[in-house]
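Notes to accompany the following structure.
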Amino acid sequence: MNRNTRKYVLTGLLTALIFALTFVFHIPVPYTAGYIHLGDSMIYISVIVLGPFFGAFASGVGSMLADLISGYAQYAFPTLIIKSIMALIMGLLLSGKTRKATTTSVFAALAVWIAFSAGSIIYLKNQIASIGKVNLVNTLAGADADLDTLNRTSLIIENFPVYLTIGLVVLLVTLSLLAYLISKRDGNNFFNLKAIMGMGAAGMCMVMGYFLVESFMYSPVAALMSIPMNMIQFFAGVTAAGLFMPAIRKAQLYSER
């Protein structure tokens, strides 16, 4: 099998795997009628295996098809755009030729995330000051919400700054350790700290992209409430990618023989 044919086959296979993990393993999210899933794990792997452009095709198309078939058609087109951009960002970061280029990309991504987090916290505090916390909780939870839903919504609002500031730090530290252990065990640099940074930038793009989309579809406050769940998806996706990567790598090496 020549190189181009093998790449087309791998693109089709990873598109199918992205679709499968998005479609099969998904959990509905309140407030925005969306869902979280494990499909991002295969998005990260597709970029590592295919590069930025073929990886973007597999990521966008596979994720969009999952939205269409699982009953979330309103998200299909935004998902196509967001997931493709995720893959491009990660792929371009991984293709950085020098340490300076990689470091600059990482700091740029972190600066954007810090600005986004600060803006989100300020906006939420302004909304609380404007309409009151009780009214905000009732609006988000709905008129027919039970006490448990109201308490959960109130807890999310109270801890929102913590989710944004502590969550990313814990994520990067934990997954950097994961990358080190996997690289050490496999004896290669296929899944390394640079890949973790690329996944981090892609995950930030996903969280911010869906925030923007859901702000127009629902409301900015409802979109804010989906951020903690999207961060869980981010964490789960990178962790699953780390677990899947050794098997994917072995299959790729076998196909190159």
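Figure legend. Inter-residue proximity from the stretch 66-81: first residues without any contact (Cβ under 8 Å) to a residue 60 or more places away in the chain, second residues part of a helix (DSSP H, G or I) and charged (D, E, K, R), beta-carbon distance below 8 Å, spacing 6+ or different chains. Indicated pairs: Ala73/Asp67; Ala76/Asp67; Thr79/Asp67. The residues of the stretch 178-212 that are more than 13 Å from Asn230 (Cα to Cα), surrounded by fewer than 21 Cβ atoms within 10 Å (Cβ to Cβ), at pLDDT 60 or above and touching a Phe, Trp or Tyr at 6+ places or on another chain (Cβ under 9 Å), listed by number, are Leu178, Asn192, Leu193.
Considering each of Ala222, Ala247, Ala251 in turn, give the residue that is hydrophobic (A, V, I, L, M, F, W, C), surrounded by fewer than 22 Cβ atoms within 10 Å (Cβ to Cβ) and modelled with pLDDT of 80 or more.
Ala222
With respect to Ile89, is the statement that it is in contact (Cβ under 8 Å) with a residue 12 or more places away in the chain, among the hydrophobic types (A, V, I, L, M, F, W, C) and either surrounded by fewer than 23 Cβ atoms within 10 Å (Cβ to Cβ) or over 25 Å from Phe160 (Cα atoms) (or both) true? Yes. Taking the criterion of being crowded, with 16+ Cβ neighbours inside 10 Å and of a type in the set (Val, Ile, Thr), the residues of the stretch 68-86 that qualify are Thr79, Ile82, Ile85. Cβ-Cβ contacts under 8 Å between residues 6 or more apart (or on different chains), taken from a first residue in the stretch 207-218 that is assigned to a helix (DSSP H, G or I) to a second residue that is among the hydroxyl-bearing types (Ser, Thr, Tyr) and crowded, with 19+ Cβ neighbours inside 10 Å, are listed as Tyr210/Ser226; Phe211/Ser120; Phe211/Ser226; Val213/Tyr75; Glu214/Thr32; Glu214/Ser226; Met217/Thr32. For the stretch 24-33, the criterion of being under 19 Å from Ile232 (Cα atoms), in contact with a helix residue (DSSP H, G or I) (Cβ under 6 Å, 6 or more places away or on another chain) and not in a strand (DSSP E or B) is satisfied by at least one residue.
Taken over the stretch 1-23, residues that are within 22 Å of Ala195 (Cα to Cα) and either of a type in the set (D, E, K, R) or part of a loop (DSSP other than H, G, I, E, B) (or both) amount to 1.
The rows are residues; the columns are (1) outside any helix (DSSP H, G or I); (2) more than 21 Å from Ala247 (Cα to Cα); (3) modelled with pLDDT of 95 or more.
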residue	(1), (2), (3)
Met42	no, no, no
Ile45	no, no, no
Gly71	yes, yes, no
Leu88	no, yes, no
Ala101	no, yes, no
Ser105	no, yes, no
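The values are calculated or read from the model by the stated rules, or taken from the named source; none is laboratory data. Small disclaimer: the values here were computed from a predicted structure and weren't measured. Note that each Cβ is placed from the backbone with ideal geometry, even for glycine, and that neighbours are counted across all protein chains shown.
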